[in-house]
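Before any comments, here is the structure.
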Amino acid sequence: VTQAIGRTASLQGGGPAPDDRVLEDAVVRLGVSFDHAHGGFGGAPKFPQPMTLEFLLRMHARGEVSALPLVTRTLDAMREGGMFDQVGGGFHRYSTDERWHVPHFEKMLYDNAQLLRLCAHAWQATGGARFRRVADATAGYLLREMQHPEGGFFSSQDADTEGVEGKTFVWSWTELVGLVGEEVSRALGGSPEGNWEGTNVLFRAGQEVPEEAIEALFEARLGRVAPATDDKILAGWNGLAIAAFAEAGLAFGDDAYVEAASRCAA
């Protein structure tokens with residue numbers, strides 16, 4: 001371990017840029033570790049790794065045809081799974097399984113800032129409306145729940161509510177059916193016995209879900225105790241948010257996002 005850390009610490013920046021062979025080899029190696037069944041890299045627990053996906057998008061822009069499918073498959077799997085908050089937007093910290101189903105429910109500013117930026121870039125690369133929707137939902141979450149009145153962004157929200165992991169975010173079958181009916185409940189992955197520890201973590205099970213159903217669930221969730229927010233405002237993590245909102249605002253032509261970036265910077 002000491003030797004490995006030492007090798008990393010001895011690396012020096014400022015040298016020549018890597019040649020094409022090095023970059024192309026990196027794409028090949030990422031392809032080897034890619035989970036073609038579920039997206040992402042490696043097994044459980046599975047992290048989103050937005051910087052790796054950004055690299056692959058850049059390689060796609062350079063003409064590397066094998067890079068883009070790794071990005072789109074991963075983003076599609078994450079946005080359909082419990083890793084993405086299907087009701088309130090934004091991404092949880094990581095998936096406890098390889099399928100992006102059950103997350104560790106903590107939400108971090110730096111994850112969501114990087115994933116907002118990544119989704120905006122994926123939309124630019126593909127024109128896929130689904131990436132724009134996820135970007136907008138993630139931006140909406142950050143602006144609604146993580147922004148200080150003066151413009152900066154808080155650090156994180158807890159996984160636990162009142163000492164219970166995921167309590168704010170999971171649903172009983174009775175709650176779901178009472179709010180949106182059985183058909184929509186099943187479209188969101190729900191079942192009478194639950195899909196995680198007797199409760200239901202929501203994910204997209206293939207069918208379309210009406211927007212009014214999501215709104216009904218969101219309104220119901222507003223009545224719950226919210227997880228605690230770590231209100232530290234860290235310069236580095238806010239730098240990521242500034243970049244994300246500025247670039248998303250430019251990509252989408254959304255002045256509100258650019259204004260959010262400007263207020264945060266100020």
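The values are calculated or read from the model by the stated rules, or taken from the named source; none is laboratory data. All figures in this text were calculated on a predicted structure; none of them were measured in a lab. Cβ: placed from backbone, ideal geometry, glycine included. Neighbour counts: every protein chain shown. The area values use the complete protein model at the heavy-atom level, side chains included, leaving out ligands, DNA and RNA. Shrake-Rupley method; radii C 1.70, N 1.55, O 1.52, S 1.80 Å.
Quick notes on this structure:
- Remark: the chain carries 49 Å² of accessible area per residue (probe radius 1.4 Å; ligands, DNA and RNA excluded).
- Cα convex hull volume per residue for segment 176-266 (Å³): 167 Å³
- In this structure, Ala129 and Ala266 have a Cβ-Cβ separation that, at R0 = 25 Å, corresponds to a calculated FRET efficiency of about 0.20.
- For the chain, the longest principal axis of the alpha carbon atoms and the long axis of helix 235-252 meet at an angle near 80°.
- The Asp19 and Met51 beta-carbon pair, evaluated with R₀ = 30 Å, returns a calculated FRET efficiency of approximately 0.90.
- Residue-averaged [θ]222 nm for the chain, counting only DSSP H segments that reach four residues, each worth -39500 (n - 2.57): -16500 deg cm²/dmol
- Contour minus Cα-Cα distance for Glu193 and Arg62 (0.36 nm per residue): 42.3 nm
- Length-normalised contact order for the chain - Cα pairs under 8 Å, 6+ apart - percent: 17 percent
- Potential lengthening of the chain between Glu182 and Arg144 amounts to 10.7 nm, from the contour at 0.36 nm per residue minus the alpha-carbon distance.
- Note on the chain: percent of Cα-Cα distances in each 5 Å bin, starting at 0 and stopping at the bin with the largest distance, equals 1, 6, 12, 15, 17, 17, 14, 10, 5, 2, 1, 0, 0.
- Rg/Rh ratio calculated on Cα atoms of segment 1-153 (Kirkwood radius): 1.00
- Eigenvalues of the alpha-carbon gyration tensor of segment 65-120, scaled by 5 and square-rooted, set the equivalent ellipsoid semi-axes at 19, 14, 9 angstrom, largest first.
- With respect to the chain, whose longest principal axis is taken over its alpha-carbon atoms, helix 173-187 is tilted by about 50°.
- Between Arg29 and Asp230, the distance separating the two model label sites (each 7 Å from Cα on the Cα→Cβ line) works out to 3.0 nm.
- Computed from Cα positions, the angle between helix 211-222 and the longest principal axis of the chain comes to roughly 80 degrees.
- Carbon/sulfur fraction of accessible area - the chain, other protein chains in place, 1.4 Å, %: 54 percent
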